[in-house]
1. Among the residues that make up region 36-43, is at least one of them among the basic types (Lys, Arg) and within 15 Å of Val131 (Cα to Cα)?
2. Got a sec? Which of Ala83, Ala107 is more than 16 Å from ligand 2 (Cβ to nearest atom) and closer than 14 Å to Ile5 by Cβ?
3. Determine the pairs where a residue that is of a type in the set (Lys, Arg), located within region 105-123, has a partner that is assigned to a strand (DSSP E or B) and within 11 Å of ligand 2 (Cβ to nearest atom) with Cβ atoms under 9 Å apart, the partner being 6 or more residues away or on another chain.
4. Does region 9-21 include one or more residues that are more than 20 Å from Cys141 (Cα to Cα) and among the β-branched types (Val, Ile, Thr)?
5. For region 29-42: of the residues being part of a loop (DSSP other than H, G, I, E, B) and open to solvent by 30 Å² or more (accessible area, probe 1.4 Å), which is modelled with the highest pLDDT?
6. Residue under question is Val135, and the condition is that it be among the β-branched types (Val, Ile, Thr) and near ligand 1 (Cβ under 8 Å from one of its atoms); does it hold?
7. Could you tell me whether any residue of region 2-24 is open to solvent by 30 Å² or more (accessible area, probe 1.4 Å), assigned to a helix (DSSP H, G or I), more than 13 Å from ligand 2 (Cβ to nearest atom) and modelled with pLDDT under 95?
8. Against the condition open to solvent by less than 100 Å² (accessible area, probe 1.4 Å), within 8 Å of ligand 1 (Cβ to nearest atom) and on the phi < 0 side of the Ramachandran plot, how does Thr45 come out, does it pass?
Amino acid sequence: MFSKILCAVDGSQHALEAARVAGQLAKQLGAKLTFLTVTKELKVTQEVKRYMEIEHLTGEPQYVLDEYTERVMQEAKDAARAAGVTDAKTEVKTGQPARVIITTADAGGYDAIVIGGRGHGDLEGLLLGSVSHKVASLAKCTVITVR
Ligand SMILES: Nc1ncnc2c1ncn2[C@@H]1O[C@H](COP(=O)(O)OP(=O)(O)OP(=O)(O)O)[C@@H](O)[C@H]1O
Ligand SMILES: [Mg+2]
């Protein structure tokens with residue numbers, strides 16, 4: 001049914017659930033699985049510097065961000081591994097999340113995108129975040145929205 005699955009993750013619980021579903025799907029179908037996370041271009045403003053000072057955060061801001069991304073990817077791979085998929089790939093890209101997810105799926109010949117219904121957003125009661133809404137509306141391939 002699907003041979004190449006792209007799962008978008010942002011480090012949220014919803015995305016982790018999506019990673020579990022993607023892992024199980026890939027296992028059952030014998031499909032290739034890639035996890036994609038889209039990071040923001042880092043703008044280190046005075047405000048960020050001040051915040052880091054107050055919180056006693058040492059190191060380069062980029063390093064802190066990279067560590068977070070690394071953790072998000074590891075978490076997703078662990079979810080896939082738990083489903084029996086040991087060769088999941090990871091991709092980290094920068095830009096607008098929905099656009100990057102859609103173009104990556106298109107360019108990479110993916111036939112399914114697995115995405116969480118919500119992410120880190122905190123609008124109570126909302127069933128679909130803006131990224132999952134855009135991806136479900138605009139992607140050419142099948143989109144599985146995990147709730
Ligand atoms: N930066 C990102 N990189 C990869 N996937 C993402 C990213 N942001 C969101 N997603 C995917 O989209 C799903 C839904 O997240 P979304 O951002 O749409 O919801 P939200 O954060 O609750 O709402 P909003 O961002 O609109 O306030 C996530 O579970 C994840 O699968
Ligand atoms: Mg979001």
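The values are calculated or read from the model by the stated rules, or taken from the named source; none is laboratory data. If you're wondering where the values come from, they're calculated on a predicted model, not measured in any experiment. Please note: Cβ atoms are built from the backbone with ideal geometry, for glycine as well, and neighbour counts cover all protein chains shown. Keep in mind that these areas ignore ligands, DNA and RNA; they rest on the heavy atoms of the full protein, side chains included. Shrake-Rupley method; radii C 1.70, N 1.55, O 1.52, S 1.80 Å.
1. Yes, that holds for at least one residue.
2. On the way: Ala107 fails: closer than 14 Å to Ile5 by Cβ.
Selected residue: Ala83, the only one of Ala83, Ala107 that is more than 16 Å from ligand 2 (Cβ to nearest atom) and closer than 14 Å to Ile5 by Cβ.
3. Qualifying pairs under 9 Å: none.
4. no
5. Applying the first criterion (part of a loop (DSSP other than H, G, I, E, B)) to region 29-42 yields 30-31, 40-42.
Add one more test, that the residue is open to solvent by 30 Å² or more (accessible area, probe 1.4 Å), and what stays is 30, 40-42.
Numbers: Gly30: 98, Lys40: 83, Glu41: 78, Leu42: 75.
In this case the residue turns out to be Gly30.
6. Considered against the rule, which asks whether it is among the β-branched types (Val, Ile, Thr) and near ligand 1 (Cβ under 8 Å from one of its atoms), Val135 comes out as yes.
7. No, the conditions are met nowhere in region 2-24.
8. Values: open to solvent by less than 100 Å² (accessible area, probe 1.4 Å): yes; within 8 Å of ligand 1 (Cβ to nearest atom): no; on the phi < 0 side of the Ramachandran plot: yes.
No: the conditions fail for Thr45.
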